[in-house]
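Q: Here it is, the structure, as structure tokens.
Taken together, the values in this text are just the output of simple stated rules run on the coordinates, not laboratory data. This structure is a prediction, so every number in the text was calculated from the model and none was measured. Cβ sites come from the backbone with ideal geometry, for glycine too, and all protein chains shown count toward neighbours.
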Amino acid sequence: MKGSMTGCSWICEYSVTLCLTSHVIIALRILLSIPLTFLHIHLINSRFLTVNISNAPCQYFNSHHREIVLAFLLFAYCLYLFALLVLSFTRIVALTPPFKFLFFVTLFCFVAVMSGLFLGYFYPLATSAVVFLSFYAILNFYVWTLAFAYAPLGSEDG
Amino acid sequence: MAILYIFFTSTFIGTVLIFWLCVLDEMRSTDSGGVGSGDSGRRRPVVFYTPKLVLVSLIWTMLMTTYAYVRMERLGDPTYEGLNDWVLLDM
């Protein structure tokens, strides 16, 4: 009986490890595809666009180069955050339901902020009203959720 | 006003990014797994905060310079559209 239980727990542990490993590999592939796609598109564009670099001295490090450096920095940030997510996975599973809700709200905001940064929706230019309202509504919702979640409890006798 | 928008947007995004890293790293490194749980005194603040601050400072600097560059381009050329010239959207 004990041996069968040990075998079952080994199988469960093995399947959890296998599942976690496959999820890690899939997530890494998705994360890797972001800067590689970014670089690929930039290289294709650089063949067809005629950029006159003699007009301004700062054109040697122009907007596209900055965007590529920014994309790689954001990719490094995503990798760092993903590694921390994997390492603290057992603690996230053990969270109480309200903090699990907060965690999923945080994940949703993370995806929104990253997509906004990668797609340039935070540019200091006029965008559509829907985009502006969506991003600022999400960020305001997140800030107020955090403020509500971490608000100090009132004293019971007061 | 545009420079204020750029500064505050970049600072807010940088603050949120460093907050997420700190929360997850503290959750990983403490025994009880909670923020402000009393275990945070065991880790060294320099080791804990320096890599996060370096990475987020770089992102903040690149955000500031990119957005300022786009804004300056727009001032010199009113037809310049940062969103349409963004390399990912040129497909």
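Q: Using a 10 Å cut-off around each Cβ of peptide B:44-54, what is the average number of partner chain Cβ atoms that fall inside?
A: Numbers: counts 0, 0, 0, 0, 0, 0, 0, 1, 2, 0, 0.
Across B:44-54, the average partner-chain Cβ count within 10 Å equals 0.
Q: Report, in whole Å, the centroid distance computed from the Cα atoms of segment A:109-126 and segment A:68-99.
A: That distance is 18 Å.
Q: Here is a further query. Please average, across the residues of B:19-29, the number of beta carbons from any other chain that are within 10 Å of each residue's own beta carbon, and give a whole number.
A: Values: counts 2, 10, 4, 1, 5, 12, 6, 2, 9, 10, 3.
For peptide B:19-29, the averaged partner shielding equals 6.
Q: Around B:LEU63, with a cut-off of 14 angstrom between Cβ atoms, what is the net charge of the other residues, counting Lys and Arg +1 and Asp and Glu -1?
A: Values: positive: A:ARG66, B:ARG71; negative: A:GLU67.
Net charge in that neighbourhood comes out at +1.
Q: On a full-extension model of 0.36 nm per residue, what is the gain between A:TRP144 and A:LEU119, subtracting their alpha-carbon distance, rounded to one decimal in nm? Mind dumping the intermediate values first?
A: Details: separation 25, 0.36 × 25 = 9.00 nm, distance 2.52 nm.
So the chain would gain 6.5 nm between A:TRP144 and A:LEU119.
Q: Assuming R0 = 45 Å, can you tell me the calculated FRET efficiency for the pair A:ALA94 and B:LEU75, based on Cβ-Cβ distance, to the nearest 0.05?
A: Numbers: r = 53 Å, r/R0 = 1.17.
Rounded to the nearest 0.05, the efficiency is 0.30.
Q: Average partner chain C-beta neighbours within 10 Å, per residue of B:7-17? Write out the running numbers ahead of the final one.
A: Working: counts 0, 0, 4, 1, 0, 4, 5, 0, 0, 8, 8.
Mean number of neighbouring Cβ atoms from other chains: 3.
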